[in-house]
Amino acid sequence: MDSALLALGGEVDLTLRPELMWRIAEALEYDDVRLDCCAVTYVDAGSLRIIDGARRLLALRGSRFTVVRTSSTFDRVCALAGFEELRRIVPAPRVSDRVIRVPDQWTNSDSPEDR
């Protein structure tokens, strides 16, 4: 089973949505997608709808979508906006995951796998 780690960081909002959708489309090629949001400092409900849509699409295909880490900001906004499914945390990412970073310009020191 091919797996990917979708690592979000910084402000995930309207300005980042085109890249988020592009990266999610890239992640949809995998059978097992893990979402790491530990570096998210802001997220809006529109971006959560996009992420939740990917979760639902993967579930329809019989693929896995799991959240491995969240920031307190991501968790709080998910709770307030009604995205409880995105608050379910599972064990940390595997080393073998294909890492897809959003935004793409993260440096190595900003990457969640360095934490």
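Within the stretch 58-70, residues that are without any contact (Cβ under 8 Å) to a residue 12 or more places away in the chain sit with their Cβ atoms under 8 Å from residues that are buried (at least 20 other Cβ atoms within 10 Å of the Cβ), at 6+ positions apart or across chains, in these pairs: Ala59/Phe65.
Residue-wise test of (1) assigned to a strand (DSSP E or B); (2) among the polar types (S, T, N, Q).
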| position | (1), (2) |
| --- | --- |
| Leu5 | yes, no |
| Arg34 | yes, no |
| Thr41 | yes, yes |
| Gly46 | no, no |
| Ile51 | no, no |
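The residues of the stretch 85-100 that are touching a strand residue (DSSP E or B) at 6+ places or on another chain (Cβ under 6 Å) and modelled with pLDDT under 60, listed by number, are Ala92, Pro93, Asp97. Of all residue pairs spaced 6 or more apart or on separate chains, those with beta-carbon atoms under 9 Å, a first member in the stretch 82-105 that is of a type in the set (S, T, N, Q) and a second member that is modelled with pLDDT of 70 or more are Ser96/Ser3.
Filter the stretch 17-50 for residues that are over 17 Å from Val99 (Cβ atoms) and of a type in the set (A, V, I, L, M) and give the result. Spell out how you get there, then give the answer.
Taking the stretch 17-50 as the starting set, the residues that turn out to be over 17 Å from Val99 (Cβ atoms) are 17-18, 21, 41-50.
Answer for the stretch 17-50, where residues must be over 17 Å from Val99 (Cβ atoms) and of a type in the set (A, V, I, L, M): Met21, Val43, Ala45, Leu48, Ile50.
Residues that are surrounded by 14 or more Cβ atoms within 10 Å (Cβ to Cβ) and of a type outside the set (A, V, I, L, M, F, W, C) were ranked within the stretch 101-115; the one that is modelled with the highest pLDDT is Arg101. Taking the listed residues Ala25, Ala39, the one that is surrounded by fewer than 14 Cβ atoms within 10 Å (Cβ to Cβ) and out of contact with any Leu (no Cβ under 6 Å at 6 or more places or on another chain) is Ala25, with no other qualifying. Once the stretch 10-32 is narrowed to residues that are touching a residue at least 60 places away in the same chain (Cβ under 8 Å) and assigned to a helix (DSSP H, G or I), the residue that is farthest from Ser71 (Cα to Cα) is Glu26.
Given the options Ala39, Ala45, name the one that is in contact with a Pro (Cβ under 7 Å, 6 or more places away or on another chain) and modelled with pLDDT of 90 or more. Show your work before the answer.
Numbers: Ala45 fails: in contact with a Pro (Cβ under 7 Å, 6 or more places away or on another chain).
From the options Ala39, Ala45, the qualifying one is Ala39.
Restricting attention to the stretch 64-94, the residues being of a type in the set (S, T, N, Q) and surrounded by 20 or more Cβ atoms within 10 Å (Cβ to Cβ) number 1.
Of the residues Asp44, Asp32, which single one is among the acidic types (Asp, Glu), under 23 Å from Arg76 (Cα atoms) and out of contact with any Cys (no Cβ under 7 Å at 6 or more places or on another chain)? Answer to the selection: Asp44.
The values are calculated or read from the model by the stated rules, or taken from the named source; none is laboratory data. Note that the structure is predicted; figures quoted are calculated from it, not measured. No Cβ is skipped: glycine too gets one built from the backbone with ideal geometry, and neighbour counts run over all protein chains shown.
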